[in-house]
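Visitor: Quick one: structure below, then a few questions.
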């Protein structure tokens, strides 16, 4: 989530979901929260019951819209125009929260006068290289007046990434796993941007840039912002989005009326924002709006990012990404300055803030990996870590696969054959593999692509050997989830897995053990890392199930030991209670001399002693933040930047919205939440000249991960401009009405080829705007839901939502068949003709939209065409995410030519058919109405 | 319906008890006749009655607040999972997002969807767009027609004051299905199914174990609330007042007080539109209302016809002679 990182410092949701109940107004945009996050949606509903106004801005009238007080139809892909209109309104009507903005943002900071805006250059910012289609922020002077621009060979940020090497909270692509990186790029810029830093980053830090508190200087960030959004008038926005000008002003008035000292508003988004060629910039626009309205770091004031999976935050914290080490440390590159730990830390660390302590983090990580083998003499075996030399993120990797450059592949809990953008291209890539291992609960599309793909070749012509490993279900294994609000929750194992199913942990640990056995006698240098790897997760004692029986699973590793290693331990001290290694109580204890080991530094403190697993805490009390329910990294903070909940003097902005405040008697910050600030730093603290580290952050600067300690209205850290700008999607029937000379994002990448044709804007061939969406009844591409008849009867067939007007024009009737064609592929679906979809008036033309759920595929109990076959493979410049929430298509009545799908699993009326154990027949569940064989 | 037959009663009393086979037979016949038309009546067991103050806290029910429903269908799935009900089939209906159509013998919770969407921007004058959602369920009537109509006594009031179908006593006649004015009951008629009538038990088995019914437990927004029905009614009335004070003057309660021929329902609803929009009868009739009159009328017509035909044949024979 670079949009959040660039604005506030950390790329993770600012508050926790329960806090939505404290909001006075909630704008849900780019999210279908009631359908995709129904359990979390109880909190917006609670807020509504307390009198808050809920607003949904979306191309479709969905179940979320039905629960909101106000719904605005907009055209898919015009979110920045709408948000820009809101920002325009706030500035134009002087509704911004002046004390907050002046104290806590860079509104008054003076920007270099050589920086040129889209207003000056007709839709692009200064520093654009037309041939390479990239921005060079240094050449474009995206920096504060007087500050040196960061020299970055690959065109990274001008300003140092205050949030540090990894860019905390790098967002995975909601429903499809990792999407990091860019060509040869690297996680360390915030979320995906630049390659490694060639020069030490300390040279560019500027904690005290020039400011003009009177805002008279036209180069003040807020004056540039005003100028940038001057075009986004309600009439212009309405013309672009297809709504009415009154819709925009009404939403703006609601937000303004519910912001300020006494009231707070929240913004909720999900992949409806991220999966665009301008995704992170949409989130930036939300960040700017919330900074202007003073809705950051306060109860009920937030930008809430709804994640697409249950533990996708965890998969970036303890990363499954190719370019990150655990805890957002960048994976070292093949470049020279990354050869040693010192060179790496010097180039990737920061002189200010917590990233100044990077070496202890890396050394402790190496100790956790290699144990006693990692010593100061051998540079803690830093040389053993794999180095990055190219982009191995998912989309480019599948392209390499298509070219026959990849031999084998492991897939855990993922279904790219139906869930990835341009899924047909992904399936073609899988057919080039020699072998594929799929571990999952069900034999889904990726496991069956070799024989059941209706659009693929005959199985005899597929060379790939597929190994399907049955995986244990969630109830049959223990471990943790990290959810969207950074909350790490432990879950116990309830039963043993069925049959040969095993947990992913079992599989990986035993795979590692076998590899270690195979390499035991090797003397080759490249095998030493495997030989030295610490792999000691054996169970000390047999484990028992909750019913008291002994677990029947052999060789199951102890997940608690993994968590203890993640937490970290002393290598030279023992715990007096059990003579085991003493565990760390937090990341402040990390040392760079090899006396500590720590698997994931940001999680350190989660298991401070052997008998205390804080992820297992389940205490509730009167504190609204519920600090004793599980553990939130970092350091159990529930609301980030919560220093902003108090005014510059340290008093709460209002009694109603108080969270933490300065206690002058005790000389510390107190309140309901763990302060996201130095606990003893007084509000009147001012850094001495030339201060370094945390000393450089003043007592009034809540955004402690930013070098100047304030939220960024002007953010140079983005790769496609310091201000969000409306560009049309890569495929759109409408030209850019705001900047006619620049239709789509100037530096988005698209991998055009015969399997990935693109109907560039203005799209003529395909005039209808399509967007994909989710329904409550199914989960993602369906591998966990389309094998369950209780869910399948609720949503049995692939369908497409069409407005009555479009249906009449095309001769489609409700329930009939529709063929949908994009530049890539053709699919078919049943028509759901509904007024919830509506044609929009855009620039005097009628634009039709269709909504396509992406839950179906060719495997399972109910089958249907793959919606993601329609989507193009493209990459947004910051995080390389694809654009599947807005593309173009055409629809026709009737079926497509290849419609010959049969379910791969026969219908089972009861998804589970075994009798309830230890229960007499008369007391079996009521619904056992089946008298046939097999029923109790 | 009880018919008093004084001769038999008096005769039994005069003969005294235990007077051999004849007396037993006579007693049996007497009971059968006495209990006509329900030949094998349920053994009366003391069940909680909402009217009785001592029982008020024992009658459990549902309050379904449709203004809080988000249409997630978690209740439908939780119900099927707990009760192990089979899926009914995979049919795309094209009727909003509802693909399970209605309550049945194998669907005991059902979420209805009703789209009321303003056609375009000008539609605001006609009222804002709405999408009504409601989780429907057995109403657990206090004077349930299904219970009245059951010839085998399979349908009883259970310890929680709710209507319960005893599977092993049901003979599958289906009278209850046509008797229910809400279309709740259904028969499991698929091949290999038992052919009996089934409906919501208000999770009697969970209640016996001290648990909340599965649907109410799974509802993420507390649209379905479970508890002593008297408490629920109080909360529901407060809720309507609250909503009306906040400007929602469409909100009202259905079944909290008497509706149609029925007294208060043990599962009642907060609605925002006419009951017909939710597929609920505006004034549900008791099917046995006027039954005595109909019986009397039938009897009278029969007698009249008999008399007429007797007249006809007697007159005819006279003429024939």
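Visitor: Which residue out of A:684, A:720, A:676 is assigned to a loop (DSSP other than H, G, I, E, B) and under 29 Å from residue A:113 (Cα atoms)? Let's see the steps before the verdict.
Guide: Details: A:684 fails: under 29 Å from residue A:113 (Cα atoms); A:676 fails: under 29 Å from residue A:113 (Cα atoms).
Matching residue, one of A:684, A:720, A:676: A:720.
Visitor: To continue, here is another question. Does region A:342-361 contain any residue that is out of contact with any helix residue (DSSP H, G or I) (no Cβ under 7 Å at 6 or more places or on another chain), buried (at least 17 other Cβ atoms within 10 Å of the Cβ) and under 23 Å from residue A:534 (Cα atoms)?
Guide: Scanning region A:342-361, I find at least one residue that is out of contact with any helix residue (DSSP H, G or I) (no Cβ under 7 Å at 6 or more places or on another chain), buried (at least 17 other Cβ atoms within 10 Å of the Cβ) and under 23 Å from residue A:534 (Cα atoms), so the answer is yes.
Visitor: Return the total of residues in region A:426-448 being assigned to a strand (DSSP E or B) and over 25 Å from residue A:477 (Cβ atoms).
Guide: Of the residues in region A:426-448, the ones assigned to a strand (DSSP E or B) are A:435-440.
Now restrict to residues that are over 25 Å from residue A:477 (Cβ atoms): A:435.
Selection size over region A:426-448: 1.
Visitor: Hey, among the residues in region B:83-93 that are surrounded by 19 or more Cβ atoms within 10 Å (Cβ to Cβ) and part of a loop (DSSP other than H, G, I, E, B), which one's farthest from the other protein chains (Cβ to nearest Cβ)?
Guide: Step one: filter region B:83-93 for residues surrounded by 19 or more Cβ atoms within 10 Å (Cβ to Cβ), giving B:83-88.
Pick out the ones that are also part of a loop (DSSP other than H, G, I, E, B) and you get B:84-88.
Details: B:84: 4, B:85: 3, B:86: 4, B:87: 4, B:88: 6 Å.
Among those that are surrounded by 19 or more Cβ atoms within 10 Å (Cβ to Cβ) and part of a loop (DSSP other than H, G, I, E, B), it is B:88.
Visitor: Okay, next question. Which one of B:109, B:101 is more than 7 Å from every other protein chain (Cβ to nearest Cβ) and crowded, with 23+ Cβ neighbours inside 10 Å? Walk me through it before giving the result.
Guide: Working: B:101 fails: crowded, with 23+ Cβ neighbours inside 10 Å.
None of the others qualify; the one that does is B:109.
Visitor: Of the conditions (1) in contact with a strand residue (DSSP E or B) (Cβ under 9 Å, 6 or more places away or on another chain); (2) assigned to a helix (DSSP H, G or I), residue A:534 clears all except one; give me its number.
Guide: Residue A:534 satisfies every listed condition except (2).
Visitor: Check off (1) touching a residue at least 40 places away in the same chain (Cβ under 8 Å); (2) surrounded by fewer than 24 Cβ atoms within 10 Å (Cβ to Cβ); (3) under 14 Å from residue A:276 (Cβ atoms) for residue A:761 and give me the number that stays unchecked.
Guide: Among (1) touching a residue at least 40 places away in the same chain (Cβ under 8 Å); (2) surrounded by fewer than 24 Cβ atoms within 10 Å (Cβ to Cβ); (3) under 14 Å from residue A:276 (Cβ atoms), the lone unmet condition for residue A:761 is (1).
Visitor: To continue, here is another question. Kindly provide the set of residues from region A:487-517 that are out of contact with any strand residue (DSSP E or B) (no Cβ under 6 Å at 6 or more places or on another chain) and farther than 18 Å from residue A:555 by Cα, ordered by number.
Guide: Hit for region A:487-517 is A:491, nothing else.
Visitor: Out of A:669, A:712, which single residue is over 30 Å from residue A:824 (Cα atoms), touching a strand residue (DSSP E or B) at 6+ places or on another chain (Cβ under 6 Å) and surrounded by 23 or more Cβ atoms within 10 Å (Cβ to Cβ)? Don't jump to the end; show me each part of the working.
Guide: On the way: A:712 fails: touching a strand residue (DSSP E or B) at 6+ places or on another chain (Cβ under 6 Å).
None of the others qualify; the one that does is A:669.
Visitor: Tell me, which residue of region B:136-176 that is within 14 Å of another protein chain (Cβ to nearest Cβ) and within 22 Å of residue B:230 (Cβ to Cβ) is surrounded by the fewest Cβ atoms within 10 Å (Cβ to Cβ)?
Guide: Looking at residues that are within 14 Å of another protein chain (Cβ to nearest Cβ) and within 22 Å of residue B:230 (Cβ to Cβ), I get B:158.
Visitor: Within region A:441-486, count every residue that is touching a strand residue (DSSP E or B) at 6+ places or on another chain (Cβ under 8 Å) and surrounded by fewer than 21 Cβ atoms within 10 Å (Cβ to Cβ).
Guide: 13
Visitor: In contact with a helix residue (DSSP H, G or I) (Cβ under 6 Å, 6 or more places away or on another chain), at negative phi and away from chain B (no Cβ under 14 Å), is that true of residue A:772?
Guide: Numbers: in contact with a helix residue (DSSP H, G or I) (Cβ under 6 Å, 6 or more places away or on another chain): yes; at negative phi: yes; away from chain B (no Cβ under 14 Å): yes.
The answer is yes for residue A:772.
Visitor: Go through region A:459-519 and tell me which strands (runs of 3 or more DSSP E), entirely inside it, have 1 or more residues that are at positive phi and under 29 Å from the mean Cα position of the chain (by Cα).
Guide: Details: elements: A:465-470, A:479-482, A:487-491.
Passing ranges, in order: A:479-482.
Visitor: Filter region A:834-880 down to residues that are farther than 20 Å from residue A:793 by Cβ, within 13 Å of chain B (Cβ to nearest Cβ) and part of a loop (DSSP other than H, G, I, E, B), then give me how many there are.
Guide: Total meeting the criteria: 6.
Visitor: Sticking with this structure for a sec: Condition first: within 30 Å of residue A:406 (Cα to Cα) and in a loop (DSSP other than H, G, I, E, B). Now tell me which residues in region A:333-392 satisfy that.
Guide: Listed by number, the residues that qualify are A:334, A:335, A:339, A:340, A:385, A:386, A:387, A:389, A:390, A:391, A:392.
Visitor: Could you pull out the residue among A:343, A:297, A:301, A:308 that is in contact (Cβ under 8 Å) with a residue 24 or more places away in the chain and farther than 30 Å from residue A:776 by Cβ? Steps first, answer last, please.
Guide: Details: A:343 fails: in contact (Cβ under 8 Å) with a residue 24 or more places away in the chain; A:301 fails: farther than 30 Å from residue A:776 by Cβ; A:308 fails: farther than 30 Å from residue A:776 by Cβ.
The conditions single out A:297.
Visitor: Residue check: is residue A:526 more than 19 Å from residue A:474 (Cα to Cα) and exposed (fewer than 10 other Cβ atoms within 10 Å of the Cβ)?
Guide: Values: more than 19 Å from residue A:474 (Cα to Cα): yes; exposed (fewer than 10 other Cβ atoms within 10 Å of the Cβ): yes.
Yes; evaluated as a whole, the condition is true for this residue.
Visitor: On the basis of being crowded, with 22+ Cβ neighbours inside 10 Å, farther than 17 Å from residue A:394 by Cβ and touching a strand residue (DSSP E or B) at 6+ places or on another chain (Cβ under 6 Å), does residue A:420 make the cut? Walk me through how you get there before you give the answer.
Guide: On the way: crowded, with 22+ Cβ neighbours inside 10 Å: yes; farther than 17 Å from residue A:394 by Cβ: no; touching a strand residue (DSSP E or B) at 6+ places or on another chain (Cβ under 6 Å): yes.
No, not satisfied.
Visitor: Within region A:567-590, how many residues turn out to be out of contact with any strand residue (DSSP E or B) (no Cβ under 9 Å at 6 or more places or on another chain) and buried (at least 17 other Cβ atoms within 10 Å of the Cβ)?
Guide: 1
Visitor: Next up: Just to confirm my filter: which helices (runs of 4 or more DSSP H) fall fully inside region A:225-329 and include at least 3 residues that are under 30 Å from residue A:563 (Cβ atoms)?
Guide: Details: elements: A:234-241, A:245-257, A:271-274, A:279-293, A:312-317.
By residue number, A:312-317.
So that you can scan it fast, the table gives a plain yes or no per residue for (1) free of Cβ contacts under 8 Å to residues at least 12 places away in the same chain; (2) within 14 Å of chain B (Cβ to nearest Cβ); (3) under 30 Å from residue A:221 (Cα atoms):
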position: A:39; (1), (2), (3): yes, yes, no
position: A:67; (1), (2), (3): no, yes, no
position: A:83; (1), (2), (3): no, no, yes
position: A:98; (1), (2), (3): yes, no, yes
position: A:110; (1), (2), (3): no, no, yes
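Visitor: I've got another one for you. Go through A:35, A:49 for me and flag whichever is at the interface with chain B (Cβ under 10 Å from one of its Cβ atoms) and under 21 Å from residue A:484 (Cα atoms).
Guide: Numbers: A:49 fails: under 21 Å from residue A:484 (Cα atoms).
The conditions single out A:35.
Only the coordinates and a few stated rules stand behind these numbers; no lab work does. From a predicted model like this one, the values you see are computed outputs, not experimental measurements. Positions of Cβ are generated from backbone atoms using ideal geometry, with glycine treated the same way; all protein chains shown enter the neighbour counts.
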